[in-house]
1. Which percent of the accessible heavy-atom area of the chain goes to carbon and sulfur, probe 1.4 angstrom?
2. Across all directions of projection, what mean area in square nanometres is found for the Cα convex hull of region 19-88?
3. Report, in debye and to the nearest 20, how large the dipole of region 67-149 comes out about its Cα centre when Lys and Arg carry +1 and Asp and Glu carry -1 on their Cβ.
4. How far apart, in nm, are the 7 Å Cα→Cβ label points at residue 98 and residue 47?
5. What's the magnitude of the charge dipole for the chain around its Cα centre, counting Lys and Arg as +1 and Asp and Glu as -1 at the beta-carbon? Answer in Debye, nearest 20.
6. If the chain between residue 127 and residue 4 were fully stretched, how many nm would it gain, using 0.36 nm times the residue separation less the Cα-Cα distance?
7. Roughly how many nanometres apart are two label points built 7 Å out from the Cα toward the Cβ at residue 72 and residue 120?
8. Enter the Cα centre distance for the pair region 1-51 and region 55-70, rounded to the nearest angstrom.
Amino acid sequence: MTTAITLAGPEHRSQVLSLMSRYHQESNLRYDDAHRDDVLDPLLTGSPLGAVWIIGPQRAPLGYVMVSFGWSVSHGGMVGWLNEIYIRQSVRNRGIGTEVMHAIAVSLRQAGLRAMHVKLDQTNEGAKAFCKRTGFKPTDDHVVLTDVL
């Protein structure tokens, strides 16, 4: 692998928050800084519920990946949910995201994860193509339903 990935910690907070803000703006996600703080801080301080990796140089990362963890009876153990992946526009379409997702999948498999899921907007053809390229496959037998508590 030629693209470095680093498990993000508290020292990477400002870089990840900046990248998250860019991603949310580009994707028209209406999250504010308080929301980003609430989601990010536990993951940077060792929460077992998820992790964030920065992509590229630690001082000026090219992007980030955020994965949350959960338990699955059907998969027989721990699974991950790809929550966000962002690559700066200036370096997209060079294979960085694909390379990074393969490396993270290998690492998580070695750590005991059984599967990785992703939930996508049905109209986002680019995200669908990217996810298929990195190993995700659609399933006809599951539908994600949400009850916001």
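1. 52
2. Working: hull surface 22.2 nm².
Approximately 5.6 nm², given one-decimal rounding.
3. On the way: 10 positive and 7 negative charges, 80 e Å.
My answer is approximately 380 debye.
4. 3.2
5. On the way: 15 positive and 14 negative charges, 122 e Å.
The calculated dipole for the chain is roughly 580 debye.
6. Working: separation 123, 0.36 × 123 = 44.28 nm, distance 2.22 nm.
That works out to 42.1 nm of additional length.
7. Rounded to a tenth, the inter-label distance reads 1.6 nm.
8. When both Cα centres are located, 7 Å separates them.
The values are calculated or read from the model by the stated rules, or taken from the named source; none is laboratory data. These figures come from a predicted structure and were not determined experimentally. Here Cβ is always computed from backbone atoms with ideal geometry, including for glycine, and neighbour counts include all displayed protein chains. Calculation scope for accessible area: heavy atoms of the full protein, side chains included, ligands and nucleic acids excluded. Shrake-Rupley method; radii C 1.70, N 1.55, O 1.52, S 1.80 Å.
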